[in-house]
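Participant: I'd like to ask you about the structure that follows.
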Amino acid sequence: LAKTTQPISMDSYEGQEVNITCSHNNIATNDYITWYQQFPSQGPRFIIQGYKTKVTNEVASLFIPADRKSSTLSLPRVSLSDTAVYYCLVGEVSGNTGKLIFGQGTTLQVKP
Amino acid sequence: EAGVAQSPRYKIIEKRQSVAFWCNPISGHATLYWYQQILGQGPKLLIQFQNNGVVDDSQLPKDRFSAERLKGVDSTLKIQPAKLEDSAVYLCASTPGGVLAGPDTQYFGPGTRLTVL
C-alpha cells in the first residue's frame, strides 16, 4: 500500500478555496485515491474518491495529474464548519480486500 | 438508512480490567472493520471481517485483543487485560463489500472512547 504525505496543518478564512495536496509516489496501478474528513468526536466521513484526472461532487473536487504521484483536494468557499482533519488514502479499496491506511492527516482550521 | 451503531460511546476502566465494544454495521454490509485511533493520529486498522470470516487481523494484538462476528452481522471487540496504552477511540466501519464490488467507501460509526487509568 502506497504511503501518503500531506501537510500536518493548514489555516484558511471563510469563503476562500482550500487546496490540500497529498503525495503518493509509490501508488500502484490498481490503487484509488480517497479522501476522508473527520470532525472531533466523530468517525471519518468519505468525501471523494478518484483514479485519474478530475472528479467533482457536491462537496469537493479532486485533481489527479497524469503520473498519479500526487493529488489535490479542493474545497470551494470553505466555512467554519469545514474545520476538520482531512485524510488522504491510497489503496486498492475493492470490496473483499479493501484496506485503508490512514496517515496523520491535515488539520484544517477555518477562521472567520 | 441507519448508520453504523456503536456502544458504549465512552468507557473508563482501570488497567488490567476487561472491556468490550459492540458494533452494528449498516444493514446488508458484508465487510466490517475495527480501527484504533490514538489521540492525534489517524485510525489504525485492527481487524477486517468479510461476513463472519476474518480477512485481515495482522495488526490486532492477539495476546489481549479479540474480535468476533459470529453471525456475520454485528461484532464485538474485546480487550483483556487492558493496558494504559489502549486508551484510544475504537471505530467500527462497514462497506457493502462483495467479490465483484468495485471501490467501496467505508462508513464509520461514532466510535467508543476508552480511557484506561
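Participant: Can you go through A:Tyr51, A:Tyr32, A:Tyr13 and tell me which one is touching a strand residue (DSSP E or B) at 6+ places or on another chain (Cβ under 8 Å) and farther than 16 Å from A:Leu73 by Cα?
Facilitator: One residue alone meets the criteria, A:Tyr13.
Participant: Just name the residue that is most open to solvent (accessible area, probe 1.4 Å) out of those in segment B:40-49 that are within 11 Å of another protein chain (Cβ to nearest Cβ) and within 19 Å of A:Gln38 (Cβ to Cβ).
Facilitator: B:Gln41
Participant: If we only count strands (runs of 3 or more DSSP E) wholly inside segment B:50-112, which ones have 2 or more residues that are more than 7 Å from chain A (Cβ to nearest Cβ), open to solvent by 50 Å² or more (accessible area, probe 1.4 Å) and modelled with pLDDT of 95 or more?
Facilitator: B:65-68
Participant: Could you run through segment A:34-44 and say how many residues are facing chain B (nearest Cβ under 10 Å) and touching a residue at least 24 places away in the same chain (Cβ under 8 Å)?
Facilitator: Here the count works out to 4.
Participant: Test each condition in (1) open to solvent by 20 Å² or more (accessible area, probe 1.4 Å); (2) more than 9 Å from chain B (Cβ to nearest Cβ); (3) without any contact (Cβ under 8 Å) to a residue 60 or more places away in the chain for A:Ile47 and report the one that comes out false.
Facilitator: Going through the list (1) open to solvent by 20 Å² or more (accessible area, probe 1.4 Å); (2) more than 9 Å from chain B (Cβ to nearest Cβ); (3) without any contact (Cβ under 8 Å) to a residue 60 or more places away in the chain, A:Ile47 breaks only (1).
Participant: Could you grab the pairs with beta carbons closer than 7 Å, sequence gap of 6+ or different chains, first residue in segment A:1-21 and within 16 Å of A:Ser71 (Cα to Cα) and modelled with pLDDT under 95, second one among the acidic types (Asp, Glu) and surrounded by 12 or more Cβ atoms within 10 Å (Cβ to Cβ)?
Facilitator: Filtered contacts from segment A:1-21: A:Ala2/A:Asp31.
Participant: Only residues that are on the phi > 0 side of the Ramachandran plot and more than 14 Å from chain A (Cβ to nearest Cβ): list them for segment B:3-31, please.
Facilitator: Scanning segment B:3-31 gives a single hit, B:Arg16.
Participant: Which members of segment A:1-26 meet the condition of being farther than 14 Å from A:Leu62 by Cβ, of a type in the set (A, V, I, L, M, F, W, C) and open to solvent by less than 70 Å² (accessible area, probe 1.4 Å)?
Facilitator: Matches in segment A:1-26: A:Ala2, A:Met10.
Participant: Another one. Have a look at B:Asp63, B:Asp86 and point out the one that is free of Cβ contacts under 8 Å to residues at least 12 places away in the same chain and charged (D, E, K, R).
Facilitator: B:Asp63
Participant: Can you find a residue in segment B:1-18 that is crowded, with 17+ Cβ neighbours inside 10 Å, over 24 Å from A:Asp31 (Cα atoms) and within 14 Å of the chain's Cα centre (by Cα)?
Facilitator: Yes, segment B:1-18 has at least one match.
Participant: Scan A:Thr56, A:Thr34, A:Thr72, A:Thr107 and give me the residue that is open to solvent by 10 Å² or more (accessible area, probe 1.4 Å) and either among the aliphatic types (A, V, I, L, M) or within 20 Å of B:Phe108 (Cα to Cα) (or both).
Facilitator: A:Thr107
The values are calculated or read from the model by the stated rules, or taken from the named source; none is laboratory data. In this text, all values refer to a predicted model and were calculated from it rather than measured experimentally. Reconstructed Cβ throughout: ideal geometry from the backbone, glycine too, with neighbour counts over all protein chains shown. Remember, those area values only see protein heavy atoms, side chains included, never the ligands or the DNA or RNA. Shrake-Rupley method; radii C 1.70, N 1.55, O 1.52, S 1.80 Å.
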